[in-house]
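Encoded as structure tokens, the structure appears first; notes follow it.
The values are calculated or read from the model by the stated rules, or taken from the named source; none is laboratory data. These numbers were taken from a predicted model, which means no experiment stands behind them. All Cβ positions, even for glycine, are placed from backbone atoms using ideal geometry, and neighbour counts span all protein chains on display. Areas reflect the complete protein model, heavy atoms only, side chains present, ligands, DNA and RNA absent. Shrake-Rupley method; radii C 1.70, N 1.55, O 1.52, S 1.80 Å.
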Amino acid sequence: VYPRNFQQVFELTKSDTEEAAKIKLDDYFKQCEAFFQNFEQKFHVDLATKIETTLTKLSGHRSVSVPRGATGNGKYAFVTFRCLNPNVGEMGYHTGNLFRDMYAKFYEDLNRLLDTENQLSFFILLQKPDEGGELSLYDIEWEKGQTKYEDRYVLNTDGSKLDIDGFTRKIMRVNPSVGDMILFNGAHIWHRVEFVKGKKNRLTIGGFLGFTYDDKHVMYWS
């Protein structure tokens, strides 16, 4: 993942003092802002404008922006690259709201700005693997308190388990082409990216978006 995502930042700062954590976070958000500002020069495409134009149209012409960093400096990463290597790469099953529970401290700032409980996920496929790498959407909607168990089960609050590997209900598998942008309800739908096979990496760029509480503005980050 590049730049580092919020889970990695959380791991780097969770055992620090408040002052030490702020220094690390300040540096992180400043690096993310530089990544945003220098992206077009480095990669020869104005991706931020493309994303914001698309989201403006899809959201009923709401304004679209990247939130400032939680420390008041820099910005959140507007997107991250994600590379899954053949024969070792997959993204295990999850929902956005599972991460909201796991990384509640990190989400405190975003929760003040927007409705993260209903955040959407988006990504653009940059390189298609030879085989695998599909986005699998399971017919299981998030319920407060659900967790993962043994990297195979969705564990409900009543102790019952849903077996992802032996799942018999509806599964939607999305297999995009290079250049396709996928936007879905990643906060509530349990999903994963299937194991990548062959010789080519699966390469994507994307992030998350949510609506402000007054429903007039869209913010996106990664």
**Message:** Considering the Cα positions of region 1-61, please state its Rg to one decimal place and its Dmax as a whole number of Å.
**Reply:** 15.4, 43
**Count, lysine Cα pairs under 28 Å in region 28-161, 8 or more residues apart or across chains** = 18
**Prompt:** Sorted by accessible area with a 1.4 angstrom probe, largest first, how do M91, M181 fall?
**Reply:** M181, M91
**Descending semi-axes in Å of region 87-194, equivalent ellipsoid built from Cα gyration tensor** = 23, 20, 12
**Asked** Comparing G206, G186, G145, which has the greatest mean-square fluctuation in the GNM of the chain with Cα pairs linked when under 10 Å apart?
**Response** G145
**Request:** Arrange the residues H217, H44 by how much accessible surface each exposes, largest first, with a 1.4 angstrom probe.
**Result:** H44, H217
**Message:** Along each principal axis of its Cα atoms, how long is region 60-109 end to end? Whole angstroms, biggest number first, please.
**Reply:** 40, 27, 26
**Message:** Computing the accessible area with a 1.4 Å probe over protein heavy atoms, can you report the carbon and sulfur percentage for region 126-204?
**Reply:** 46
**Stretchable slack from H217 to N175, in nm (0.36 nm times residue separation minus alpha-carbon distance)** = 12.1 nm
**Prompt:** Between S65 and Q127, 0.36 nm times their residue separation minus their Cα-Cα distance comes to what?
**Reply:** 19.7 nm
**Chain lengthening between K24 and E11 when straightened (0.36 nm per residue, less Cα-Cα)** = 3.5 nm
**Request:** Tell me the Kirkwood hydrodynamic radius of region 1-119 in angstroms, computed as one over the mean inverse distance between distinct C-alpha pairs.
**Result:** 16.0
**Asked** What does the accessible area of V174 come to, in Å² to the nearest 10, when a probe of 1.4 Å is used?
**Response** 30
**Asked** Radius of gyration and Dmax for the chain's Cα atoms, expressed in Å?
**Response** 17.7, 52
**Prompt:** What net charge do the residues around G74 carry, taking every other residue with its C-beta under 14 Å from that of G74, with Lys and Arg at +1 and Asp and Glu at -1?
**Reply:** +2
**Request:** At 1.4 Å probe size, with every protein chain present, just tell me what the per residue accessible area of the chain comes to in Å².
**Result:** 52
**Item:** Largest to smallest principal axis extent of the C-alpha atoms in region 145-222, angstrom
**Value:** 43, 39, 21
**Request:** Consider a paramagnetic label point 7 Å from the Cα of I182 along Cα→Cβ; state which residues of region 66-87 have an amide N under 15 Å from it.
**Result:** 82-85
